1. When you look at residue 374, is it in contact with a strand residue (DSSP E or B) (Cβ under 6 Å, 6 or more places away or on another chain) and either under 30 Å from residue 386 (Cβ atoms) or modelled with pLDDT of 95 or more (or both), yes or no?
2. Quick test for you: out of 298, 310, pick the one residue that is under 23 Å from the mean Cα position of the chain (by Cα) and in contact (Cβ under 8 Å) with a residue 60 or more places away in the chain.
3. Output the strands (runs of 3 or more DSSP E) that fall wholly within the stretch 14-85 and possess 2 or more residues being in contact with a strand residue (DSSP E or B) (Cβ under 7 Å, 6 or more places away or on another chain) and over 22 Å from residue 367 (Cα atoms), or say none.
4. Could you please find all residues in the stretch 372-410 being part of a loop (DSSP other than H, G, I, E, B) and in contact with a helix residue (DSSP H, G or I) (Cβ under 6 Å, 6 or more places away or on another chain)?
5. Taking residue 595 as the residue in question, decide whether it is surrounded by 12 or more Cβ atoms within 10 Å (Cβ to Cβ), modelled with pLDDT under 95 and not in a loop (DSSP other than H, G, I, E, B).
6. Could you check the stretch 411-452 and list, in sequence order, the residues that are closer than 18 Å to residue 363 by Cβ and either without any contact (Cβ under 8 Å) to a residue 24 or more places away in the chain or in a helix (DSSP H, G or I) (or both)?
7. Taking residue 132, is it assigned to a loop (DSSP other than H, G, I, E, B), in the same structural domain as residue 260 (by TED's automatic domain parsing) and closer than 26 Å to residue 56 by Cα?
8. Counting only residues that are in a loop (DSSP other than H, G, I, E, B) and surrounded by 15 or more Cβ atoms within 10 Å (Cβ to Cβ), how many does the stretch 86-101 have?
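The values are calculated or read from the model by the stated rules, or taken from the named source; none is laboratory data. Keep in mind that what you see is a predicted model, and the values were worked out from it rather than measured. With ideal geometry, Cβ positions are generated from the backbone for all residues, glycine too; neighbour counts draw on all protein chains shown.
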């Protein structure tokens, strides 16, 4: 996938890459970068060593991350005060700072690893090909890794029909959730634009799923890949204007997009007469206010036009009538990032990766109860077991795997019996879940399925635009029922009510938000109905999460009357004299767990 900085002719012999993604920035990676620069300068190494800000490496939980070239040594959880030691030992003395060293990367020969394991070993980086390898604010570094070569090929070697054919051969499907064939969408847009005389190209960067940050990180680490792809699409369908719709709450991604757009215009890669081809195209950024519903195409279009972001009935589809009533092709960030590779390498090359109906790779935001949380990119068809246990490093603290939630509030859960199922669009649908934008939250034995489902329904209630009654009322009704389950007041007929309302909401809602909002309920009822029943029949939460169903008591055999629990109780509901048995007043107990945490003799029981 192109060249690294070290492969190019350069006055530098060593490079120090510092992750500058938003996650690492929050852990003071900018201070670390400055300290490394100062240490290199103060030791007279500036002519031989270059310190570079770069995008996300993927191991987000272990940041800030520093990568040294040419050795490819990766250091994790590096603090600003570690800069002097890294420079002295690694750059000056050629020693490995073992206390900061990443040890689970099987491709690094100098690391202590177990054979056939490693966070990066089973990944194939196409979308994230430049993240962690270039300075995202340098167009020259993007160009050095074959950046804009696909645009050059499209403008001077391929016709629009040939570009669409390459996309068809590649089998690339939209990564925004529905998995619509990309070539078909572009072809519809091209035909409609031929009649209308012009069209629009839109990047949907309104990433709002809980736990999902794939698109934001791609823009932070490789913004030019999206600009190049949108320009290729504009040439293909006959558009002169594009929009990137992104949340205002992603300031770093916006900053890097603005920098990339300015550079592209200066290099003649965006704007008038691109590369002297006679083709002109430009892009504007439109900021969203953070409404989840604006991820839906028609709501997004309305927001771009300055209207309230609410969905509209389809047809007409955006490829026929989109922004300002003109044909519009909309893809999300991940889909766009694949385009330059497909055009440059060819559709056949891309189609070799993945499964029969799901080609290429998929980026997941792997979070939850796994050891290595962060961004991962794996070929379609990789099993959940490989993602969780090989790439993700297994379950935290040796906890038992319970399920994985894919697709965010629009998806469902996948259980242990399906861990060896190859992940692609079709298999996830068969399991009652969906690919979605790529959120993947791993649940352990101590996670309550009912509580997790309630969380997603609360999200859907808050994010519903309220335009249609099935979504506005249906999601609220479902949430209220789930709330009763977690508080111990559910009725025997609530399971039936949940399923009936979920089915009606799914069938009658106007847009994808309402149509998919019941999915977490339907999926968890399919695989974990026994947990719902336990909340009703036994008045208990099997995972011990729903505090209203917990009963705290004191074991008379273990209590020595030390009074610590009584002194720590915030509502003074524990009674008993010193050196005598203490008792909890159940009516006043707020289930906070302070007594459980305070007792050193394991005398506080929970049921």
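1. When the stated conditions are applied, residue 374 does not pass them.
2. The unique qualifying residue is 298.
3. The qualifying strands (runs of 3 or more DSSP E) are 14-19, 49-54, 66-69.
4. 373
5. Taking the combined requirement at face value, the residue satisfies it.
6. Hits for the stretch 411-452 are 425, 427, 428.
7. Against the criterion (assigned to a loop (DSSP other than H, G, I, E, B), in the same structural domain as residue 260 (by TED's automatic domain parsing) and closer than 26 Å to residue 56 by Cα), residue 132 does not qualify.
8. Of the residues in the stretch 86-101, 2 are in a loop (DSSP other than H, G, I, E, B) and surrounded by 15 or more Cβ atoms within 10 Å (Cβ to Cβ).
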